[in-house]
Amino acid sequence: MINHITDCTVLNNHVQMPWLGFGVYLVKEGAETEDSVMAALEAGYRSIDTAALYKNEADVGRAIARSGIPRQAVFVTTKVWNADQGYETTLRAFDQSLKKLKMDYVDLYLIHWPVKGKYLETWKALEKLYRDGFVRAIGLSNFLIHHIQDILEICEVRPTVDQVEFHPELRQEGLHRFCIENQIQMEAWMPLGRGRTLTKPTIVAMAEKYGKTPAQILIRWDLQHEVVTIPKSIHPSRIVENSQVFDFEISPEDMARIDDLDENLRFGTDPDNFHF
Ligand SMILES: NC(=O)c1ccc[n+]([C@@H]2O[C@H](COP(=O)([O-])OP(=O)(O)OC[C@H]3O[C@@H](n4cnc5c(N)ncnc54)[C@H](OP(=O)(O)O)[C@@H]3O)[C@@H](O)[C@H]2O)c1
């Protein structure tokens with residue numbers, strides 16, 4: 001039972017990662033990111049998910065430094081962007097990320113997308129960063145089962161996490177089962193369907209039943225599936241709202257009702273068919 005904002009999953013290399021984090025995709029660089037991250041830290045979040053692509057790593061780093069919270073008390077994730085994949089280029093990209101964050105390590109470094117012909121070399125670079133102590137854990141994002149199998153065949157360090165699109169309309173049950181069997185922690189991006197899932201009648205009805213908001217139902221549903229979740233908002237009141245998910249539990253029957261919304265419906269891009 002996950003019942004506190006600082007509760008953590010234990011990754012396959014024994015590193016602890018908070019179940020709830022704060023995502024900053026599409027949060028503008030500058031004050032918008034800095035203020036949002038500050039609001040999240042004030043609300044008690046201790047995990048921030050950024051990426052080179054988001055162009056706001058510097059603001060994330062600044063907010064964490066400004067908060068006065070010790071660096072080691074915050075779990076920081078960033079990702080290598082597609083254009084930088086390959087061995088040497090990934091090492092250079094990581095160095096840039098670290099400089100922007102003004103940190104000497106990150107907690108989790110992910111391959112953002114499985115770029116064909118590149119991701120195995122990229123993984124080797126992540127292994128080097130891990131061995132050299134610059135990252136506490138390494139993982140994947142948007143990897144389907146066959147992509148993960150490719151990594152498992154060549155890896156010396158196993159991936160700890162796969163961060164994928166996950167919400168009631170896209171549960172990715174097969175992928176989730178595969179991750180569990182291989183001790184890879186699944187992490188949900190777009191947990192609120194970027195707003196779309198909040199108005200689904202089943203979710204609205206569930207919110208009324210539990211005296212919570214639709215966003216809180218969706219975030220709690222992730223946690224009860226033991227999926228790490230990283231909702232984004234730029235509004236302090238919503239940032240707080242999204243963190244108040246530790247004082248109730250969705251019944252198994254209602255979990256199943258939400259599960260039934262699955263339509264294998266992707267709002268984002270298909271990892272087997274992308275051109276960026
Ligand atoms: N690895 C990847 O490829 C990948 C892809 C996408 C996302 N991600 C990560 O996952 C994080 C979350 O996904 P996401 O940002 O795409 O979408 P999301 O968290 O599902 O949804 C964010 C949207 O929901 C709104 N919202 C947030 N809380 C709300 C609430 N309580 N009530 C009503 N509306 C609310 C936000 O609006 P306001 O901001 O206006 O409040 C925003 O428009 C990202 O920030 C990023 O860190 C990773």
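The values are calculated or read from the model by the stated rules, or taken from the named source; none is laboratory data. Here the structure is a predicted model, which means the values were calculated and not measured. Cβ atoms come from the backbone with ideal geometry, glycine included; neighbour counts cover every protein chain shown. Quick note on the areas: whole protein, heavy atoms, side chains included, nothing else; ligands and nucleic acids left out. Shrake-Rupley method; radii C 1.70, N 1.55, O 1.52, S 1.80 Å.
Of the trypsin sites (Lys or Arg not before Pro) found in the stretch 169-236, none is in coil by DSSP with at most 16 other Cβ atoms within 10 Å of its Cβ. Straightening the chain between residue 55 and residue 3 buys 15.4 nm, computed as 0.36 nm per residue apart minus the Cα-Cα spacing.
Whats the longest run of the chain with zero GluC sites (Glu not before Pro) that are DSSP loop and have at most 10 other Cβ atoms within 10 Å? The segment 1-155 is the longest one with no such site.
Maximal additional length on extending the residue 16-residue 28 stretch stands at 1.4 nm, based on 0.36 nm per residue less the C-alpha distance. In the context of the full set of protein chains, residues of the chain present 43 Å² of accessible surface per residue (probe radius 1.4 Å, heavy atoms only). For a straight C-alpha distance cut-off of 28 angstrom, the lysines reachable from residue 232 (same-chain residues fewer than eight places away being disregarded) are 28, 55, 79, 99, 100, 102, 200, 209, 212. Between 236, 252, 214, the residue with the greatest mean-square fluctuation in the GNM of the chain (Cα pairs under 10 Å linked by springs) is 252. Modelled spin labels at residue 259 and residue 102, positioned 7 Å past Cα toward Cβ, are 4.7 nm from each other.
In terms of its C-alpha gyration tensor, the chain has an oblate overall shape, because the principal axis ratio a/c (a ≥ b ≥ c, square roots of the eigenvalues) is not below 1.5 and a/b does not outweigh b/c.
Between residue 75 and 47, 48, the built amide H atoms are under 5 Å apart, and every one of these is 5 or more places off in sequence or on another chain. The modelled label-to-label distance for the pair residue 35/residue 92, using points 7 Å beyond Cα in the direction of Cβ, is 3.7 nm. By the gyration tensor of its Cα atoms, with a ≥ b ≥ c the square roots of the eigenvalues, what is the shape of the stretch 219-276: rounded for a/c under 1.5, prolate for a/b over b/c, or oblate? Oblate, because a/c is 1.5 or more while a/b does not exceed b/c. Shown is the FRET efficiency for residue 273 and residue 42, computed with R0 = 51 Å from the Cβ-Cβ distance and rounded to the nearest 0.05: 0.80.
In the chain, helical runs assigned H by DSSP with n ≥ 4 each contribute -39500 (n - 2.57); averaged across all residues and rounded to the nearest 500, the mean residue ellipticity at 222 nm is -12000 deg cm²/dmol. These residues, 146, 275, go from largest to smallest accessible area, 1.4 Å probe, as 275, 146.
When the chain is treated as a GNM with alpha-carbon contacts under 10 Å, the residue of 120, 26, 91 showing the greatest mean-square fluctuation is 26.
Across the accessible surface of the chain, with the other protein chains kept in place and a 1.4 Å probe, carbon and sulfur atoms take up 50 percent. When the trypsin sites (Lys or Arg not before Pro) in the stretch 107-166 are filtered for DSSP coil states and for at most 14 other beta-carbon atoms within 10 Å of their beta-carbon, the remaining sites are 116. Extension gain for residue 266-residue 226 works out to 12.3 nm (0.36 nm per residue, less the C-alpha to C-alpha distance). Expressed to the nearest 5 percent, the antiparallel share of DSSP beta bridges inside the chain is 15 percent.
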